[in-house]
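Beneath this line is the structure, given in structure tokens, with notes to follow.
Read the figures in this text as sums done on the coordinates, not as results from a lab. Keep in mind that this is a model prediction, so the values were computed, not measured.
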Ligand SMILES: [Ca+2]
């Protein structure tokens, strides 16, 4: 595996993704100071939330469900997260962009039960000859300051560290690796053989959108994604309820153990690293993996203050489609779309954005080995 030690490319391509998954590192305390028990305290905070009851539309499914999809009836709900917006497991401010809670209405739609798999994406590529962003050679126009020899196809791969590291620099565990793409998600020597039912990863926004269009579907709006993930329930912390581990069992593929060291992932939830789709119970709407495993692209531009603007408007936001433009003050000038759901790399000490109301974000042409998508379809 050729690990390209060029932070310029990595920085430009990947920082959006990295901040998504691992939070704002400057806020993070050294690993080991916090425990799951601390997160349980957060749950108590959430019980004082401002969520109003979800009102699910009465309209039943208009027809037989398309293959692999379920009916999401839509309705009115309280969207966002006020889970310790200044103290998520002591990561100050990490969910600030998911506040305030605001009222939203979405029409009914079909949604993929699982994230799009390698097998499904392969059908698309075979049918269309589509070439993903990671398979396209970066151009001098896109990266004017780069050396010509550094402009190689590839993408960003989680690279565990040999020993404990200070978590204030994510470049220590992410690498831009030449030859990485959806067929080689962890570097050129890796393969998806035997992983047909795993979610496809190393997917940029336009790759996901192209697949959706080919499939006669589309990417969900952020509001559609969250309505579906909440399963018709009101203000719960997770897609499955308010407890991280009901009856002591994990409900999603996230990360346990010492992050981000080699062999640090204990796989207590049953999986070290990425898992096949649908390995945990579905939520109330029959959707799998709405938390953990891989992040999912949604269609909305990311703006740090979008929820604030909707809340200030005071009305119920009807089928909101996101802001008109990307706005992330932490990386001005980068065009970012929203990601949802968290991934197999999220830990309760560091990211915790497998919590249902929280948000991620990513530069639109950036991919990584913990980022995929699922589609929806209007009636
Ligand atoms: Ca896991």
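Run a plain Debye calculation on segment 109-199 (Cα atoms as equal point scatterers, no solvent) and give log10 I(q)/I(0) at q = 0.10, 0.20 Å⁻¹, rounded to two decimals, same order as the q list.
Log-scaled intensity ratios, in q order: -0.38, -1.07.
Starting from the Cα gyration tensor of segment 161-268, multiply each eigenvalue by 5, take the square root, and state the resulting semi-axes largest first in whole Å.
Square roots of five times the eigenvalues give 27, 25, 14 Å.
Can you work out D for segment 233-379 in µm² s⁻¹ from Stokes-Einstein, where Rh is the Kirkwood radius over C-alpha pairs, the temperature is 25 °C and the viscosity is 0.890 mPa s?
Rounded, D is 148 µm²/s.
What do you get for Rg/Rh of segment 203-258 when both radii come from the Cα atoms and Rh is the Kirkwood radius?
Radius of gyration over Kirkwood radius for segment 203-258 works out to 1.11.
By how many nm would the segment from residue 136 to residue 64 grow when fully extended, if each residue of separation counts as 0.36 nm and the alpha-carbon distance is taken off?
So the chain would gain 22.0 nm between residue 136 and residue 64.
Binned at 10 Å from 0, what are the whole-percent values of the Cα-Cα distance distribution for segment 253-313, short to long?
With a bin width of 10 Å, the distribution comes to 19, 32, 26, 20, 3.
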